[in-house]
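Input: a single structure, listed below in structure tokens.
The values are calculated or read from the model by the stated rules, or taken from the named source; none is laboratory data. All of these numbers come straight from a predicted model, not from anything done at the bench. Neighbour counts are summed over all protein chains in view; Cβ atoms, including those assigned to glycine, are modelled from backbone coordinates with ideal geometry. We work out accessible area using only protein heavy atoms, side chains counted, and drop any ligands, DNA or RNA first. Shrake-Rupley method; radii C 1.70, N 1.55, O 1.52, S 1.80 Å.
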Amino acid sequence: ELGPYRHFMQKEIHEQPRAVADTIEALMDNGAFGASLFGEGAEDVLRDVEGVQILACGTSYYAGLTARYWIESIAKIPCSVEIASEYRYREAHANPKNLIVTISQSGETLDTMEALKYAKSLGHAKTLSICNVPESAIPRASRLVYYTRAGAEIGVASTKAFTTQLVALFTLTCTIAKLQGRLDAAQEAGYIDALRQLPGSVQHALNLEPQIVAWSERFAPKQHALFLGRGVHYPIALEGALKLKEISYIHAEAYPAGELKHGPLALVDEAMPVVVIAPNDALLEKVKSNIQEVRARGGEMFVFADADSQFGESEQVNVIRTPRHVGVLSPIVHAIPVQLLAYHAALARGTDVDKPRNLAKSVTVE
Ligand code: F6R
């Protein structure tokens, strides 16, 4: 079953070009964004949504945090994202014109299911589930469904589910934008084309594995790590930190790079490696000045940049460049190297990668 791979996690990381391609297959056949991708009656539900409320846990929550940037900048409607276990115990104020989006690989996570029930009890009828397991509890309780087609995910740490959730959320964003008259034909064609090329771009990122293995050997002996990102890549920093702590047991935290000087900079010394997600986007110059602060304090940096980036390497600054910049889809491609870094750091430490201590694949208790 494992083929040439040592662990399911490694296999699942490498399956991502296929998983992404399968998840967008119907869209590619269609050649255009359309409500029919989300099931019967979706046009009526999506055409006049005023905002989006995303509910999820763990890695699925980070997919939601990423999507917020797309929903607000492309569909141009407000979006909030909340951890399901918090939402369900909060006195939330419902706007029934908002769309409730739950994201769950397993479709059985109790907190996400209960958050959905709570939203429905508040009067929300427009509900959509993004899920990887057909006919599981959460999609069955939702009005609309988009199934990611990652295939069975066996490793406890979520990988291919995450990238396919992002693809589904981007498709949702563009579909709402189109139905609401905010996506012109040229933009639509551009996004469809970018998605068509995405499996290839993901494969290019996977090809960075040997360079990441070299980094992971330096990472493995560390006690702590800091992950930094900005904007749409901040959730990728969060995901990188979660992956690392979950399977290698190295304590890792993620911050939006602009927050460094508001506290976490005090932690930085030679013993604290700092991973920076720094693609060529509008915030690159800001990130560069943020990391000067790390450099000045002796911290060693591991930077994931883009091919044509001006990032200079130095004794303290290690740079791996992803082969091309994929614009708005960049967080999907930048998820790959942080998965590989966590995997290889765990491997070097000899932990049980597919079954980390204390964790279950599907969390059906509170
Ligand atoms: C992290 C991880 C968990 C899950 C979370 C939600 O690698 O796997 O954080 O993402 O338990 O699970 P689902 O998506 O099944 O609701």
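Observations
- Percentage, to the nearest whole number, of Cα pairs in the stretch 28-96 over 14 Å apart: 68
- Centroid-to-centroid separation of the stretch 99-174 and the stretch 1-51 [C-alpha atoms, Å]: 12
- Summed side-chain charge close to Val303 - residues other than Val303 whose Cβ falls under 12 Å, Lys, Arg +1, Asp, Glu -1: 0
- Among the protein heavy atoms of the chain, carbon and sulfur supply 50% of the accessible surface, probe 1.4 Å, non-protein parts ignored.
- Residue-averaged [θ]222 nm for the chain, counting only DSSP H segments that reach four residues, each worth -39500 (n - 2.57): -13500 deg cm²/dmol
- Normalised per residue, the accessible area of the chain is 39 Å², obtained with a 1.4 Å probe and no contribution from ligands, DNA or RNA.
- The stretch 61-214: radius of gyration over Cα atoms, expressed as a fraction of 2.2 N^0.38 Å: 1.11
- Our summary gives the stretch 77-178 a relative contact order of 22 percent, counting only alpha carbon pairs under 8 angstrom and 6 or more residues apart.
- Exceeding the 19 Å Cα-Cα cut-off - candidates Lys11/Lys243; Lys97/Lys117; Lys261/Lys288; Lys76/Lys160; Lys222/Lys245: Lys76/Lys160
- Per-selection Kirkwood Rh - the stretch 17-152 (Cα, Å, 1 d.p.): 15.0
- Reciprocal of mean inverse Cα separation for the chain (Kirkwood radius, Å): 20.7
- When His262, His124, His7 are compared by accessible area at a 1.4 angstrom probe, the order from most to least is His262, His7, His124.
- Here the 3J(HN,Hα) profile of the stretch 337-344, calculated from phi with Karplus coefficients 6.51, -1.76 and 1.60 at θ = phi - 60°, is x, 6, 5, 5, 5, 5, 4, 6 Hz, Gly and Pro shown as x.
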